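To start, the structure under review is shown below, and the notes come after it.
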Amino acid sequence: MTHESTTPVKLALILAAAIALSACDSAQEQKAAAEAAAAAQAAAKEQKAQEIGKQFDAQYAQHNWVLARAHGEELVVMHPDSPVTARIRAQYEEAKAKAEEAREQQRMASLWEYQSIAVKGGSQLSAAIYSKKPIDTGFGTAQPVRLIFRDHPEWGRSSYLVLENGDFDCYGGCKVRVTLDDKAPKMMAASRPKTDEAIAMFIEDERALWRRAQGAKALAITFPVKAGGTRTAVFETGGLDSTKLPKWN
C-alpha cells in the first residue's frame, strides 16, 4: 500500500524537477540570447564608429575643418567610449579650432563690399567696409562710418572715410590716428575736400593704409569731428580680398 501511494508523489517530484530544470535552461537561454544581442549591438555600434572615424580621417587629411569637426563631434557625443574616439580626440580639438577660425574668416570676408563700375577711361574698382559699431558724430542718430579704397582710371587711387551725418573737422588738413589690433598707433595725414556732395575725408597715404588694412584683424581710425573732439571707428578688416584691387598690391 505504501509503495503504491508514494508513486504519484515521486512522479510529481520528478515532473516538478523536470519543469524547474526546463525553466532554468530557458532562463539561461534567454540570458545567453540577451548577451548575444547586446554583443551584436555593441559590435554594430563600434562598426558605425569605425565608419565615422574613416570619414573624419578623410576630411581631416583634406583640411576640411568644418566637416572634420562635425564627424568628430558625432564620435564624441554618440560613441564616447569607442577606441576610435580616443584616437582622434586631439585631432578633433584641432579641427574645432580650425573650423572656428574658418567661420570667423568667412564672417569678416562678408563685411567687405566690392564694386566694379564702368567709367570714362576704364573701370572704377572699390572695396568698402562699414565700422563695427555706429558712431555718434554729434548730429542726429549714430550711424556707421564707411571706409573705402578706390581705384579710378582718371583720379587714381584713394582711401577715404564717409559719414552718414555730421562732418569732419579737417577742411584745412588734419591728422588721424590709425591703430592696428593692439599695436602702437600711427598718425597719418588727412584732408576734407570742400564739397557737399559727400561727407568724406581722404587719408593721404592710401597705400600705407591699404597695407595696414591687409595686415590686421581690426583697424581703428580716430578722426576729428565738427561737433568737437574726436571719434574712433573700428573696422574688422581681416577678411579683405586684396585681389579685388590688383593695382594696389
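Here are the numbers:
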| quantity | calculated |
| --- | --- |
| Filtered residues of segment 208-235 (kept if open to solvent by 40 Å² or more (accessible area, probe 1.4 Å) and under 15 Å from LEU161 (Cβ atoms)) | ARG212, LYS226, THR230, ARG231, THR232, VAL234 |
| Segment 191-207, residues that are touching a residue at least 24 places away in the same chain (Cβ under 8 Å) and open to solvent by less than 50 Å² (accessible area, probe 1.4 Å) | ARG192, ALA198, ILE199, ALA200, MET201, ILE203, GLU206 |
| Qualifying residue in segment 128-145 (condition: within 21 Å of PRO193 (Cβ to Cβ), assigned to a strand (DSSP E or B), without any contact (Cβ under 8 Å) to a residue 40 or more places away in the chain and open to solvent by less than 30 Å² (accessible area, probe 1.4 Å)) | yes |
| Search result, residues across segment 39-68 that are within 21 Å of the chain's Cα centre (by Cα) and open to solvent by 60 Å² or more (accessible area, probe 1.4 Å) | ALA61, GLN62, HIS63, VAL66, LEU67 |
| All positions within segment 108-117 that are open to solvent by less than 80 Å² (accessible area, probe 1.4 Å) and out of contact with any strand residue (DSSP E or B) (no Cβ under 6 Å at 6 or more places or on another chain) | MET108, ALA109 |
| Whichever residue in segment 71-107 is closer than 16 Å to GLY239 by Cβ and basic (Lys, Arg) and, among such residues, is most open to solvent (accessible area, probe 1.4 Å) | ARG103 |
| Sole exception among (1) open to solvent by 10 Å² or more (accessible area, probe 1.4 Å); (2) assigned to a strand (DSSP E or B) for PHE149, by number | (1) |
| Residue in segment 133-141 that is closer than 17 Å to SER242 by Cα, out of contact with any Asp or Glu (no Cβ under 9 Å at 6 or more places or on another chain) and at pLDDT below 95 present | no |
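The values are calculated or read from the model by the stated rules, or taken from the named source; none is laboratory data. This is a predicted model, so every value here is computed, not measured. Cβ atoms come from the backbone with ideal geometry, glycine included; neighbour counts cover every protein chain shown. Side chains are part of the model used for accessible areas, which takes the heavy atoms of the whole protein and leaves out ligands, DNA and RNA. Shrake-Rupley method; radii C 1.70, N 1.55, O 1.52, S 1.80 Å.
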